[in-house]
2 protein chains.
Amino acid sequence: MENIYASIITIGDELLIGQVSDTNSAWIAQQLNKIGIALNNRISVGDDAPEIRKALDFGSKNSQVVLITGGLGPTNDDITKNVLCEYFQGKMIVNQASLENVKRLFEKVYKKPVSEVNLKQAEVPDVCEVIQNQRGSAPGMVFKKDDSIFISMPGVPYEMQGIMEEVIPMLQKKFHVPAIIHKTILTSGIGESALAEEIKDFEDKLPKEIRLAYLPNYGMVRLRLSTSGFDKSKTENAIKNQFTALKELVKEFMVADEDLTMQQVVGKLLLENNNTISTAESCTGGAIASLITSVAGSSAYFKGSVVSYSNEIKQELLGVKKETLDAYGAVSEQTAREMLSGILKKMKTDFGIAVTGIMGPGGGSEEKPVGTVYVAVGNKEDQAVQKFKQRFTREKNIEVTSVMALNLMRKFLVNGD
Amino acid sequence: MENIYASIITIGDELLIGQVSDTNSAWIAQQLNKIGIALNNRISVGDDAPEIRKALDFGSKNSQVVLITGGLGPTNDDITKNVLCEYFQGKMIVNQASLENVKRLFEKVYKKPVSEVNLKQAEVPDVCEVIQNQRGSAPGMVFKKDDSIFISMPGVPYEMQGIMEEVIPMLQKKFHVPAIIHKTILTSGIGESALAEEIKDFEDKLPKEIRLAYLPNYGMVRLRLSTSGFDKSKTENAIKNQFTALKELVKEFMVADEDLTMQQVVGKLLLENNNTISTAESCTGGAIASLITSVAGSSAYFKGSVVSYSNEIKQELLGVKKETLDAYGAVSEQTAREMLSGILKKMKTDFGIAVTGIMGPGGGSEEKPVGTVYVAVGNKEDQAVQKFKQRFTREKNIEVTSVMALNLMRKFLVNGD
């Protein structure tokens, strides 16, 4: 029994001019990882026949699985299907099920007449096996060559993900892959290297079939134990004992013993105590509310937010005093505190988060440079305020600030400070 | 004089398990694109010697420039420098300038004693030219082999970007590169294939040195013309004529004749008329405000938002009538209209966007299934309301709804309906 390796090939000119980020690769890599298939490499090429052929050769060199996305649209710049047809020495035929799918989509979903160009989407090389695309018109295609299996999917993430729902069980059936088990502990308040010192003995004694990974992110470090084995219950037992030992070692810093996002952790804490929350956001512009409400069921604890981008709104809706703004400025501890007590009153929630700062690129001064942020969290009785200095791009500053604000709220919920 | 092509190789195990997105590639691609160097491909491999060598072979096959990031850290899992040393048949020597840089960093910036492991960062293969890294301890390295130039840089984006400031002028000096010109038209209200039918004749007659790409996203399609040439003004003229012709052909659907996001288009329209905007968001939970404020300078037209996740907040902060909620429900055209007039009053802005709906997975009913959304946009005098039916995951439903709401606002700003 040997390990199974995969390559991912993403196709599209837009990937090569930095216009869009290749999110498909990371998503696919995660899915493969879960079922015990490791990645050898990821390749992105343009809508260019020689480069696509080179990538197919390269990708299949040491990989038994090659996953391909993109270049399957109905327009002329999309050439993946034709290149694959030629590469696997097939000829184009109409796939009946795909034809019906295209007709169904246009009639029932898009409610538009179907054109000649759209019908072409139902053509596939006769040497492939088709996976129907319930979410769009370009079918998935499975090819075999030598010892590798090639799977071509559309580049639209939602469509690709739908097809992957069929690809994953197909790969599990075809390759007898071991069960991979991950167990994650979320820690906060300790850095990666200090944590490593703390659990050095544990790590040294860890059986070699269990791997430990440190995954630092936004002031948290995830500790992940991973192992794989063909006997699932035996594998689970082996990792369970180590997981229990590790939890005991890091209990002081443990945020959760499962793999959750910060907004999920905060949501869980609120739900457990039947508490509610609201946010008052200036520089994050709604990003914290957006993270909180990205969790399904968040309406049970989230009542709302006031995004107060202008000083006028800070005064009128949150009751920040004009004198405070004049004396300390909008970006100050005092303003953050008043925003917080304002939102707690307005929304009548048990807890609140307030944020004010300068995300850049403009708006900074010598006294308050770009990246200066004040976060206040708390309830009516007690508040905690922290100043942060972010040093990234505007987009990243907003993202980091939002997660750090949630982390501050989490700490307050747990420790009351 | 021929075109110059590049490959990007990013190295690191974390890139292959989907844990982090490869943002370096997109950034580097953009920089190269600006100076007329086109990308042949992008490759990501793990910290694995055979895979790195394969990638170096692959990347340099048709590319004169190979840019490499990652794997230059001081710990044992980072092997890029040793693999490069062997690949280019060099031997390791201490680079004096790099040594002084490491000592300076530890003394002045990190304020920590410098260790044996850290000093190793100053060792480089004797066959490379060094580019000093002002922002970290791992130096940049330039190698030459056959007709290709290889540049190795650290994976930390901030450090890589610092080294690229020296790489770009070096490449411009070494290669006489052609100008690459892109011209983009944003369209809305027409699908990719219908658009293709519409401009079929144009596309068929397009000179082969000008490429046309269709980039669909959220009910918009970007049309991009690209070309390159050594005589910049001649090249610009050639594409300008085609661009003018294309704009004329699609004018009915044209949103902008430059490459903007929906929130940038809306922001531009508001700025041009010195108008302000606010949002009242239920199901989007602040995502629209978050998109609007992702644009630098948005404080000139965005005043704020009320995220009213609970009915209570809809009534108290936005003045939605209890009778309306009782009679029609929170997810209704009537509630959307009242949310809109409420936010216009509260924020005193010229225009407003209000959204209420059910994003799933729970909360749906037979009458109002998951995905039902009402969007109201307008000003005090006039409002437009549209009902949408989204059919994706919660996350995607929120994203799509947000962009569609901005698009509705855009249409209202342009046409007044």
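The values are calculated or read from the model by the stated rules, or taken from the named source; none is laboratory data. Quick caveat, the model's predicted, so the values are computed rather than measured. In this analysis, Cβ positions are derived from the backbone assuming ideal geometry, glycine residues included, and neighbour counts consider all displayed protein chains. Each accessible area value is taken on the protein alone, full model and side chains, heavy atoms only, with ligands, DNA and RNA left out. Shrake-Rupley method; radii C 1.70, N 1.55, O 1.52, S 1.80 Å.
In order along the range B:193-202, the Karplus-derived 3J(HN,Hα) couplings, from 6.51 cos²θ - 1.76 cosθ + 1.60 at θ = phi - 60°, round to 6, 5, 5, 4, 4, 4, 10, 4, 4, 4 Hz, and Gly and Pro are given as x.
Here the 3J(HN,Hα) profile of the range A:261-278, calculated from phi with Karplus coefficients 6.51, -1.76 and 1.60 at θ = phi - 60°, is 7, 4, 5, 6, 4, 4, x, 4, 4, 5, 4, 4, 9, 6, 9, 10, 9, 8 Hz, Gly and Pro shown as x. Rg over Rh for the protein assembly as shown works out to 0.96, using Cα positions for both radii and the Kirkwood form for Rh.
Binning all Cα-Cα separations of the range B:205-363 at 10 Å, short to long from zero, yields these whole-percent fractions: 10, 28, 25, 19, 12, 6, 1. Between the helical axis of A:232-249 and the longest alpha-carbon principal axis of chain A there is an angle of about 20 degrees.
For residue A:46, the residues whose amide H sits under 5 Å from its own are A:12, ignoring neighbours fewer than 5 places away on the same chain, with H placed 1.01 Å from N.
Relative to the longest principal axis of chain A, what angle (0 to 90°, nearest 10) does the C-alpha long axis of helix A:49-60 take? Tilt relative to chain A: about 80 degrees. Placing a label point 7 Å from the Cα of residue A:247 along the Cα-to-Cβ direction, the residues of the range A:199-213 whose backbone N falls under 20 Å from that point are A:199-200, A:202-203, A:206-207, A:210-213. Using the Cβ-Cβ distance between residue A:61 and residue A:165 with R0 = 35 Å, the FRET efficiency computed as 1/(1 + (r/R0)^6) comes to roughly 0.80.
For chain A, the longest principal axis of the C-alpha atoms and the axis of helix A:23-34 are separated by about 80°. What share of all Cα pairs of chain A, in percent, falls into each consecutive 20 Å distance bin? Result returned by the calculation: 22, 41, 34, 4. Working from Cα pairs under 8 Å separated by at least six residues, relative contact order for the range B:262-415 is 25 percent. Taken as Cα centroids, the range B:91-149 and the range A:131-205 sit 36 Å apart, rounded to the nearest whole angstrom.
The calculated FRET efficiency for the pair residue A:231 and residue A:299, based on their C-beta separation and a Förster distance of 41 Å, comes to about 0.45.
What trypsin sites (Lys or Arg not before Pro) does the range A:105-161 have in DSSP loop regions with at most 14 other beta carbons within 10 Å?
Qualifying residues, ordered by number: A:111.
Quote the FRET efficiency, to the nearest 0.05, computed for residue A:91 versus residue B:271 with a Förster distance R0 of 51 Å and r equal to the Cβ-Cβ distance. The formula returns an efficiency of 0.40 here.
The B-A contact accounts for approximately 5900 Å² of buried accessible area, totalled over both chains at a 1.4 Å probe radius. For the peptide A:23-36, the mean number of other protein chain Cβ atoms found within 10 angstrom of a residue's Cβ is 3. By the helix-only formula, in which each DSSP H run with n ≥ 4 contributes -39500 (n - 2.57) and the sum is divided by residues, chain B has a 222 nm mean residue ellipticity of -12000 deg cm²/dmol.
Only Cα pairs under 8 Å and 6+ residues apart enter the sum, and on that basis the relative contact order of the range B:5-174 stands at 22 percent. Dividing the mean sequence gap of close Cα pairs (under 8 Å, 6+ apart) by how many residues chain A holds gives a relative contact order of 10 percent.
Charged side chains reduced to their Cβ positions (Lys and Arg at +1, Asp and Glu at -1) give chain A a dipole of some 720 debye around its Cα centre.
Rounded to the nearest 20 debye, the dipole magnitude of the protein assembly as shown is 940 debye, with +1 charges on Lys and Arg beta carbons, -1 on Asp and Glu beta carbons, and the Cα centre as origin. Taking every residue in A:290-298 and counting other chain Cβ atoms within 10 Å of its Cβ, the average works out to 6.
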